[in-house]
Amino acid sequence: MKQLNVVRFFIFLATTVGAWGLLSLGGSEATSLLDVGQVATRDYEARFSAEVVDTVQTEAAREQAAEAVPDQLRQDLNSELAAFAELNDVLAAITAGVIDPAAPDPVLVAPDQVAATTGTPAAPDATATTTAAPLVPVSGRVFLDVDGDGVFTETVEGQRPDAGIRSITVRLYDENGVEIATAETQADGLWTAPVPIGLVSVAVDPGDVDFPSGLTLSTDNGLQTLECGDEGCEAVSTGYRPAVRPVEAQVTELDPQFPSLDTTTLQTLAGFATEDVVRVALGEAPVLPDVGAAALTKLTDVLGDQVTNENLSQVRDQLFAQPPLVLLGGTPNESARSAAADLVALALRPNYVLDPQATEAARLEAEEAVEPVTVTYQARERIVGQGEVLEQIHIDAIFETGAISGAEVGQSGGLLAVLAAMVASLGFYLSRFRQEFWTRPRMAALLGLLIVLAAGAVRLTIEIQEGVGAAPGWYVLPGVVFGLMAAVLFDSRIAALMALVIAVLAATGTRDPGVVTYGLLSTMVPVGFVSSLSSRGSYRKAVLASAIAAAGIAAAVAWFFHINPDQASWTTAALSIGQAGAVALGVSLLTALLGLAGLQFFEAAFDITTSLRLLELTDRNHEALMLLQEQAFGTFNHSLMVGTLADAAARAVGANPLLARAAAYYHDIGKTQNPTHFIENQFGASNPHDDLDPLQSVAMIRGHVTDGIEMARRFKIPTEVAEGIVTHHGDGIMRFFYEKARRIHGDEGVDPNDFRHIGHKPRTAEMAIVMLADSLEAACRAVFRDEEPTAEAIEKVVSRVVDEKVNDGQLSDSALTLAQLTRARRAFLEALVGHYHQRIAYPNFPGT
């Protein structure tokens, strides 16, 4: 407690000094005359020596340093990936356009076709004696018909000759269509096989895995029937031609797809791809992949340097000047090199783009590296004389050398005393009536920070008003945002106190009753709107309503305090009143919307659980809930039901239903680490606890609490919500494993404390409700798996679970009264009856 008092003291001291420092900025009426471009009203001499920074010269030097920093670039990986994808797309399109889709596929001859061709002989005589027929050789050839003339030509002048196709399966059938032998072609395409004398059918198997793709039959002998005599027989050679389209047709189709590619390039690449069909069929290496590999390698090399919009043309020119090296048959091929260069040029794009953030950072670094330009003034040295035009260096020197006397600075001591009295009064109020904030130094620190920010706002308002020189300048005071933030972060009573704080700060800073009145009322206005917030959208509506109300308040205050109808026409007065309202409306809207971003910072920095933050936590799309749904689906559904029950009970007893629902959603988040340790996630799989000692099972179950606390830190779940992880089991006994241990070891061999959950009992009504809802959902799921969930049966389960928690003392530390517990029972019962409501049995529906 003593340590907490010390912390509070320093918080209130820092608040007082911070507010005093901000309100003390600037000077009195005398100092307000010091402005750049004005004429000095008297001579100013340095009272003591000082080195003064010439901000104008320093800023000019820093701007010059920043301008000298070149633009910073960052690597654009998406651009690089797009370049490789486009190059691959071109190669894929060229390969896909080679084969003629109209060419017939080689079709495997079926046995029934063989039988139909040779005819079906008469059934053999069952009484005849069967003897093995002698075998004779049959041979033939399977060849690649390069020129497609159907004739095997081994030598052709000026072009590639026909050649045998190796490793192709040839199947031989008897006259009944029964396969009697197979043969495999050799390197020259020849094959041979022994067959019985008589009719033999021969068919090439194009379904063989070794059969080259892209071929079609060029000879009309896909199935041959031979009469094999004593000397054997020979099949007519079977030819297959490339099923390719003319190169010109391919280029005509590719040209609209890739208009940036040169036609010669398309012809070269399409020619390579067409010839590759023959090469692959003959067991040779294809050429197009070599060209593509060379282009990809070159593209990788080029993108290894910085390619920008500025040097893109230069890089392309250099690419054509030094095209990629492509070796065909060990010899560089100029056509292939030119085509590869054209491919790279097509795909090439800038992979380094301007990085504004890095450029700004580099320029800021350059600015910070510039040493300030300083001017040294000695004691009693004249800074500026009467009648001379003031420059910024003169004004800075006047303040830093003490050229202004203490009397001109103002009554800072009295200001400090007033602010100290105000902060002390707030502390006394919190200690007597708001213990929930007094015992939490973070909340006291947050309130102090709001007070300091409010002092800064008052100081800024004074500066703006002095610059404007008209009454509407006072209404830039953003009282609305402080009322909104205090009401959301604390509550309506603290927001009312914040209105008093704004009034005190406005009084000490401006000594204008009109500003004091406006600050008080504009800060009070949002309290009524914020009390019914249910979403960030509601916050925006509250902002709009508060801003409109602030505009009305500003108009009324300006009319009464700042407008003198006797000294101004009604037209002028109406214009000033309208200006005051418009300024108040605009400033209130802008600052309050900016305050929404500030709320998120304060929620996280000070671990505050506002209703807006609870709404975000109960959103099913929250990353922690998505993880729970993916990793532990049974626990996820259990948590949703617990949240529904907790929400209903919290509403019934007047607790915070959003807090109860959020705590229920996350109370079992630790089960995502080992989901199968818990029965709701096993889905029919074996239960690991069946083969474990009860104490081992207890250790595994306890782990979901410690794991849950760790995950709450990882996902930045507020402490108030994470409290549900620690308290949802309290320190109760794990009854199942305790009874199991008693059966195994006997009563004397079991210590009940070894089977208690880790954690502590609930200390708030919300956490107590979560504990009850968790136990009720689990109990109902277990009981009504086998029993009919009637209202009477549900009521028995509710009474049994609640009474068990009460008798075990698990609710002894919570704030639940007996009356509230009764209302919670009723809410649980109604929610569960609604969940297990009776359904209509549909006729002829499975299970009815």
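The values are calculated or read from the model by the stated rules, or taken from the named source; none is laboratory data. Since we're looking at a predicted model, the values are computed, not measured. Neighbour counts run over all protein chains shown; Cβ positions are idealised from the backbone, glycine included. Note: accessible area is taken over every heavy atom of the protein model, side chains too, but ligands, DNA and RNA are not part of it. Shrake-Rupley method; radii C 1.70, N 1.55, O 1.52, S 1.80 Å.
Quick notes on this one:
- Residues whose amide H falls under 5 Å from that of ILE165, counting only those 5 or more places apart or on a different chain, are VAL142, PHE143, LEU144, GLY189, with hydrogens built in the peptide plane.
- Calculated FRET efficiency for the pair GLU623/GLU284, C-beta based, R₀ 56 Å, to 0.05: 0.50
- When +1 charges are put on Lys and Arg Cβ atoms and -1 charges on Asp and Glu Cβ atoms, the dipole computed for the chain relative to its Cα centre reaches about 6320 debye.
- In percent, rounded to a whole number, the relative contact order of segment 693-811 is 28, using alpha-carbon pairs under 8 Å and six or more apart.
- Of the trypsin sites (Lys or Arg not before Pro) found in segment 341-397, the ones in coil according to DSSP and having at most 14 other Cβ atoms within 10 Å of their Cβ are ARG380.
- Over the chain, accessible surface divided per residue gives 50 Å², non-protein components excluded, 1.4 Å probe.
- Relative to its Kirkwood radius, the Cα radius of gyration of segment 212-359 gives an Rg/Rh of 1.23.
- Amide H contacts under 5 Å for GLU45, placed H, 5+ residues apart: ILE383
- Vicinal HN-Hα couplings computed from phi for segment 253-265 (Karplus, 6.51 cos²θ - 1.76 cosθ + 1.60; Hz; Gly/Pro x): 6, 7, 4, x, 6, 10, x, 6, 7, 5, 4, 4, 4
- Apolar share of the accessible surface for the chain: 55 percent from carbon plus sulfur atoms, 1.4 Å probe.
- DSSP bridge orientation in the chain - percent antiparallel, rounded to nearest 5: 90
- Solvent-accessible surface ranking, highest first, for GLU310, GLU436, GLU630, GLU603 at 1.4 angstrom: GLU310, GLU630, GLU436, GLU603
- Overall form of the chain per C-alpha gyration tensor (a/c, 1.5; a/b vs b/c): oblate
- Per the chain, cysteines lacking a partner by the 4.7 Å Cβ criterion: CYS780
- Only helices enter the 222 nm calculation for the chain: every DSSP H run of n ≥ 4 contributes -39,500 (n - 2.57), and dividing by all residues gives -18000 deg cm²/dmol, rounded to 500.
- Part-to-part distance (alpha-carbon centres) for segment 635-661 and segment 225-258, which is given in Å: 75
- 3J(HN,Hα) couplings calculated from phi for segment 378-395 with the Karplus curve 6.51 cos²θ - 1.76 cosθ + 1.60 (θ = phi - 60°) are, in sequence order, 8, 4, 6, 7, 6, 8, 8, x, 4, x, 7, 6, 7, 10, 4, 5, 5, 5 Hz; Gly and Pro show x.
- Legend: residues THR263, THR401, THR571, sorted from most to least accessible area (1.4 Å probe; ligands, DNA and RNA excluded), read THR571, THR263, THR401.
- A simple rule links phi to the HN-Hα coupling: the Karplus curve 6.51 cos²θ - 1.76 cosθ + 1.60 with θ = phi - 60°, which for segment 484-499 gives 4, 5, 5, 5, 6, 6, 10, 6, 5, 5, 5, 5, 5, 5, 4, 5 Hz, with x for Gly and Pro.
- Between ALA554, ALA163, VAL583, the Cα set farthest toward the positive side of the dipole of the chain (charges on each charged residue's Cβ, about the Cα centre) is that of ALA554.
- Tensor-based shape of segment 297-352 (alpha-carbon gyration tensor, a/c under 1.5 rounded, otherwise prolate or oblate): prolate
- For segment 287-390: relative contact order, % (alpha-carbon pairs under 8 angstrom, 6 or more apart): 30
- Bridging of LYS796 to lysines at a Cα separation below 17 Å is possible for LYS805, once same-chain residues fewer than 8 apart are set aside.
- Segment 472-607: C-alpha gyration tensor shape, a/c 1.5 cut-off, then a/b vs b/c: prolate
- Annotation: amide H of THR764 within the under-5 Å range of ALA815, sequence separation 5 or more or interchain, hydrogens built in the peptide plane.
- Restricting segment 552-653 to trypsin sites (Lys or Arg not before Pro) that sit in a DSSP loop and have at most 11 other Cβ atoms within 10 Å of their own Cβ leaves ARG620.
- With the biggest extent put first, the Cα atoms of segment 738-797 measure 41, 34, 14 Å across the principal axes.
- Per residue, the average separation of C-alpha pairs within less than 8 Å and at least 6 apart gives the chain a relative contact order of 12 percent.
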